[in-house]
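Presented below is the structure to which this report refers.
What follows draws every value from the coordinates through simple rules; no lab data is involved. These numbers come from a predicted model, not from an experiment. A quick note on method: Cβ atoms are made from the backbone with ideal geometry, for glycine too, and the neighbour counts reach across all protein chains shown.
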Amino acid sequence: MKKLTYLFAVGLSLLFFASCKHDDLSMAKPNENVRPAADFVKNNYEMRLFYAALQKVGYVDQLNGKGPFTVLAPTDEAFNNLGIYTAADFDKMNADSLKKVIGYHVLPRRLRVADIPSNGIDVRYATLEGTALYASAASLNPNGGALDELYFSGVEATRKDVPMANGTLHVLNQVMKPNFSKTIQQWLAQHKEYSVFVSGLKKFGLWEQLAVQGPFTIFAPDNKAMEDLGITELSLSAMDASKYLGDLLFGVYILYDRHFFTSDGQVFAGINSNGSYNYYPKNTTYYMTFGAGKMYPSFKLAYSLVLRTGPTSNDPPVAVSGDITAKNDNLCSNGLVHHLAGGLVRPEEAIKR
Amino acid sequence: MKNESVYKRNIFGSFKSSAWLLAFSLLLLASGCVKVEYSKIEDPAYLRVFNNLNYIQTLGSKDNKVPFFCMFINPVVDASGMPVSAEIVGDFLDQRDAYAPPYPSHIGSSISVNNPEYPGKENVLVGPILNGFDLSSWAQVPSGKVRIMFAYRPKNTVPFFQLENELKKDILIDTTINLTSKEVYTLHLLQKDFVSKRTGILLRQEIFQKLPLSDSLTYVNFYNMSSKGYWEADRSLKADNFLLASFQGGMKDDMNVFLSLYENQSNLLQKGPAIAGYNGKYLANVKLNTSTGVVNPYVSFPIWASQATNGITTNMWQRFDFFTPGMDITNNPFYQGSTENGGNWVSVNCMQNGNARVQFNDNAAMLPNLLVNIHSGIHNPATFATVNSIEVVNGRIYLTTIQRKYAPPVY
Amino acid sequence: MMNMRNLKKLSGVILFASLLFTAACTKTEFLPDPEGAQVPFQSNATQTVEELLAASPAKLYYSAWQKSNIKNVLNQKGSKVLYTAFVPNDAAMQSAGLTASKIDQMSAAELDDFILFSATIGQVTGDELKLKSDNFMVKTLLENRDLYVKYYENPESNQFDYYAYRLYVGLKGDALLVNGKNMGKLNYLPATNGGLYLMEKTLEKPTKTIIEALRADGRFTMFLESQRLADELYLDKIASDMEPLFGYKPDPEETMMYATQRLFYQKDWDILSPYPGYGTNITISTLFAPTDEAFHKAGFQTVADILKFNERGASSIHFSDMTFTDEGAYPMDTIYNYHRNWGRMFQPVTVGGDKAISNATVFYSNELSPRLNEYLVSAGGNPSIEYAYKMPLEFSVNNSSIQIKVKGSEYPAANVIEGDINTLNGPIHVVDHLFIPKGFKLN
């Protein structure tokens, strides 16, 4: 009897020691119904193209294995916006660059929304491909209310924190467009729809700088936009460069020392109620307002540029917008290129006085 | 004989049992007593640290890092320059609050780890009652030449030393400062140049505890610790917060400060007439200074200036108008509610707890009343004179109040 | 057996007691001991203003003080009110002719004029003067109830304040300057209910308007006459333009009511009467008056020369039936505007015709320095801050001589040959060259 009580007492005191410290443990309960990453994508009806890409580049087994992984899965509609409608379309692309782009959409770690610093801007996370992507989270508005928006390299994560057996998954509504070590100059040279713009930059001496470290944000007007302003390859070759202000005619499309994703306007509008940026285009007295965000009425990410002759000028401003979301946010090694469907400055306005 | 042996066994047994009991109770003691290590600091100096990097991230300034830090005093760094421990650690150092109270009153009511100042919510040794002044908002730190370091840290709830290694290497400030024992210091982490984003620290040795100050006068001094080039910068690079009112755009580098005293801080509908002799009264001149830790002269106003006071409590509140030199407060070309004045006119109302919104047309930011109204002794409330510093940093205005220890309330 | 039991009980009790002790241990966080004692406060003011006056070398002033009504005026403001007095010492009073017998003869109104002009509600300490880079504007107790200025604190009406005579007090080195004039060494005596300044000169109250002062002076005949004649010619032209619209030729008074955009000869130099019931009826600013010599140096020998020069711009003057007001100006108006109105003729205008409101521009000669070059002459009002008008004149100081010119002008700078002629409309500074802006052609 006494032995029992002593044992009981010893046991009690041991319990005291054990109860003292508590490490905070939060563990996700293992759930047999949750699949590993690649299988989840395979069984998802809106990610068939993404699965086809995973198969083509050979990531399926890796993504079904030991994680942890965070998969950023673009929907089929996202691939459609790039002109990819069937799995066969992937065969037309360069296999190596496809592998790099798909690798960019996987992070070799578990990254849930709660792991990203609140209101973090351009937080870098390494991807499977090796380069780090940019994550921006609009978590709290200035009054402390919750916002809950998340963007990866300019693309919105519409569904977040989907649990996998070996990680987590976020659904993206566009495909991220990293161009890795390609500079803006190389990117523009490869895209023929901006050939007039490229010629203009070359003519006025603004082309060489786009090969070196920026950062730059380029709003590239396509050839149709240039034609609407009266600028074609022919008229350009006939132009006398010394009579025109190149910094105004073509330099106005270059934003120096900044790299803006279209999503940045939406993020800053949320966390700071101010999603626009005013600046003087380099070497001009004109005044430009850059605004971006989810534009009415489609509520797709887009941006707008409003150009005035001066900050208090009463002249009518020129406004253009870049609202083809799939053509914006081309991430190059030294900046970003966005598509512009309208031009800003006519040649007559840029004549030197 | 048999009984003896039985007794002996009984005695032995009972001794054994009481020994066991003793051992058991000692075990209980050992686990129940919480041992708190209160390391005593020899020859302490008293330090208070503020993070004045109050820039809001805008689209134009998106490459600026979030100003959320961990402060180390006398850190131990490993070979790669990463801090592994420190004598004093001030983690989760957030942007400072508009009001720095005389005693750490926000400890009990906080729901997050973010600390608006050091020591703030930290459980550390604090300053004593020095010459009658309550220094419980100042921490005791080692004196002499100390190494001080500020490291960026992500804005989450993970303590610094448990972060991933790559995140612990972003050091902003790593310098040494000289602290004399038993002296009172405030240390400010601030941005010195708005265009180049250069940051630095400013160490100020306070002298209020050595000045002969009257108990019926409230003292205040003014500092402008804004970044060079802030007020001239474009609007889109600055915070857009209507609560900052006229302060948003910053103020010019040389300003005159005028004081107006009003009778009743409970009346939010109208200002009411000013107290005679204190309507737009010139008080001081404040110039931009982020390089030296000089203490600007204290100016004062009487706490019993109102006619309607009984000498125990008063409802008086203060308004400070800052004008660029040459401007006349009685002939002000700006409208009363004008908030974009090019840095030529900024104003602040000091009433109630600093959160009241006035209903009359006004362009002032809000701060708490400089006078402290609190239950003391048999009077509820009683008004006490204070010693204050008003600091303007870029688009925001901050108030630090220091009070003498007052008699505890009698219920 | 009893011993055993007792021992057991004892040990049990001891055990129990020690447990209680340990449980009863209160763990209080220790506060450090208080250190030091409150530094005792000693005010350096021990007497009231009146006691200081009685003991000071300003007995004449004090006798005038006692005879005047100032005590009642102060009592009306409240029992705790603080006040400051600017007191000329006996030597100053004597040299100004205010001897004891003169003071006895002065009427109550004259005494009030004298005493109230030298006192103000509120404190103006010597330390505050040292910290301030511009002048300290002191609103004296002497009011002129015929003159109205912008509303600030009038308890009777929020449409206007009564004009109160002002002292602009500053320091130059260790000398006290009031309205730009040197009053001797700074000698501030703090009191329990305010303070007083002992001065070595008496204060001079302004009595004239600008126009009266200019006329009485005699050095500004060309400045005055050319503007008067130009106004006559202008009104005549506008009236002729109005004749077809009105059916008759209006007289000059009626024409002036429609010609609102011109700064007429007397407009800001006099008192507006009759008083419209709101706002101000007196403009207070600073005038830089050019002497006749200044006109000679610019090539104008007589007033007729100026009028002839004006003719080249006369064609721009007309009455517009679109805006129903006058438009156009003479060339000399440009120059005069820089002397009289800080060049506000050229301030930025919004599309809707809004302009920024005129800022306070009363500057005595101790404030005329390069610090003024960034001052906003007009600001606020309806337009946004981009439409504020920055100082168009450039001030520089060479060996205590002040030079002024229009910014960017290639013409020689003007020197201030005499400053601080105080009038009801503000100070007049006499300059020896005209303010001619950049690119202005004189021939």
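Any idea what angle helix A:262-272 forms with the longest principal axis of chain A, computed on alpha-carbon atoms, 0 to 90 degrees, nearest 10? The answer is roughly 60 degrees.
With no solvent and one equal point scatterer placed on each C-alpha of region C:248-341, evaluate the Debye formula and give log10 I(q)/I(0) for q = 0.12, 0.23 Å⁻¹, two decimals. Calculated log10 I(q)/I(0) at the listed q: -0.52, -1.32.
Could you state the number of Å between the C-alpha centres of region B:183-222 and region B:344-411? If you average the Cα positions of each part, the centres end up 18 Å apart.
Over the residues of chain B, the helix contribution to mean residue ellipticity at 222 nm works out to -2500 deg cm²/dmol, using -39500 (n - 2.57) for each DSSP H run of at least 4.
Among B:200-213, C:269-282, how do they line up from the highest to the lowest mean number of other beta-carbon atoms within 10 Å? It would help to have the intermediate numbers written out before the result.
Values: B:200-213: 17.0, C:269-282: 15.2.
Peptide ranking by packing, descending: B:200-213, C:269-282.
Between the listed residues A:Thr232, A:Tyr279, A:Tyr194, the Cα displaced farthest toward the positive end of the dipole of region A:194-298, a dipole computed from Cβ unit charges relative to the Cα centre, is found at A:Tyr279. Working from Cα pairs under 8 Å separated by at least six residues, relative contact order for chain C is 12 percent. Using the Cα coordinates of region B:211-411, the gyration tensor eigenvalues translate into equivalent-ellipsoid semi-axes of 29, 19, 16 Å, sorted from longest to shortest. Calculated on the Cα set of the protein assembly as shown, radius of gyration then Dmax: 39.3, 153 Å. With neighbours defined as other Cβ atoms within 10 Å of a residue's Cβ, the residues A:Thr131, A:Thr232, C:Thr207 order from fewest to most as C:Thr207, A:Thr232, A:Thr131. The orientation-averaged projection of the convex hull spanning the C-alpha atoms of chain C amounts to 38.7 square nanometres.
Residues with beta-carbon under 12 Å from that of B:Leu172, excluding B:Leu172: net charge, scoring Lys, Arg +1 and Asp, Glu -1? Local net charge: +3. Calculated on the Cα set of region C:333-443, radius of gyration then Dmax: 14.5, 46 Å. Dividing the helix sum by the residues of chain A, where each DSSP H run of 4 or more adds -39500 (n - 2.57), gives a mean residue ellipticity at 222 nm of -7500 deg cm²/dmol. Each of A:Asn43, A:Ala157, A:Ala95 was placed along the dipole of region A:37-177 (beta-carbon charges, centred on the mean Cα), and the one lying farthest toward the positive end is A:Ala95. In degrees from 0 to 90, rounded to the nearest 10, what is the angle of the helix B:2-32 Cα long axis to the longest principal axis of chain B? In chain B, helix B:2-32 runs at an angle near 20 degrees to the longest axis. Here the Kirkwood formula puts the hydrodynamic radius of region A:184-350 at 16.1 Å, using every distinct Cα pair. For region A:117-272, the convex hull spanned by the alpha carbon atoms encloses 146 Å³ per residue. Between the helical axis of C:331-341 and the longest alpha-carbon principal axis of chain C there is an angle of about 30 degrees. Working value for region A:302-353: equivalent-ellipsoid semi-axes of 26, 14, 11 Å, each the square root of 5 times a Cα gyration tensor eigenvalue, largest first. Here B:Glu183, C:Glu253 are placed in order of increasing Cβ neighbour count within 10 Å, fewest first, which gives C:Glu253, B:Glu183.
For region C:292-344, state the semi-axes of the equivalent ellipsoid (square roots of 5 times the eigenvalues of the alpha-carbon gyration tensor), sorted largest first and rounded to whole angstrom.
Working: eigenvalues 128, 43, 7 Å².
Square roots of five times the eigenvalues give 25, 15, 6 Å.
In summary, the convex hull built on the alpha carbon positions of chain B has an orientation-averaged projected area of 29.4 nm².
I need the per residue convex hull volume for region A:54-205, using only the alpha carbons, in cubic angstrom as a whole number.
Working: hull volume 21.8 nm³, N = 152.
Per-residue hull volume (Cα only) is 144 Å³.
The mean number of partner chain beta-carbon atoms within 10 angstrom of a residue's beta-carbon across peptide B:329-339 is 6. Estimated from helices alone, the mean residue ellipticity of chain C at 222 nm is -9500 deg cm²/dmol (sum of -39500 (n - 2.57) over DSSP H runs with n ≥ 4, per residue). Divide the volume of the convex hull around the Cα atoms of region B:40-210 by the residue count and you get 134 Å³ per residue. Sorting B:Glu122, C:Glu386 from the fewest to the most surrounding beta carbons within 10 angstrom yields C:Glu386, B:Glu122. Positive end of the dipole of chain B (Cβ unit charges, origin at the Cα centre): among B:Pro159, B:Ile303, B:Pro67, the Cα lying farthest that way belongs to B:Pro159. Within region A:87-159, the percentage of alpha carbon pairs spaced more than 20 angstrom apart rounds to 40%.
Global dimensions of region B:338-411 from alpha-carbon coordinates: Rg and Dmax equal 15.5, 51 Å.
Quantify how much of the Cα-Cα distance distribution of region C:145-293 extends past 24 Å, in percent.
On the way: 6263 of 11026 pairs.
So the pairs more than 24 Å apart make up 57 percent of the total in region C:145-293.
Once you keep just the Cα pairs under 8 angstrom separated by 6 or more residues, what percentage relative contact order results for chain A? Write out the running numbers ahead of the final one.
Working: 678 pairs, mean separation 52.8, N = 353.
Averaging sequence separation for qualifying contacts and normalising by length gives 15 percent for chain A.
Could you tell me the relative contact order of chain B? Use alpha-carbon pairs under 8 Å, at least six residues apart, and round to a whole percent. That works out to 17 percent.
What does the net charge come to around C:Tyr188 if you take all other residues with beta carbon closer than 12 Å to its beta carbon, with K and R at +1 and D and E at -1? Local net charge: -1.
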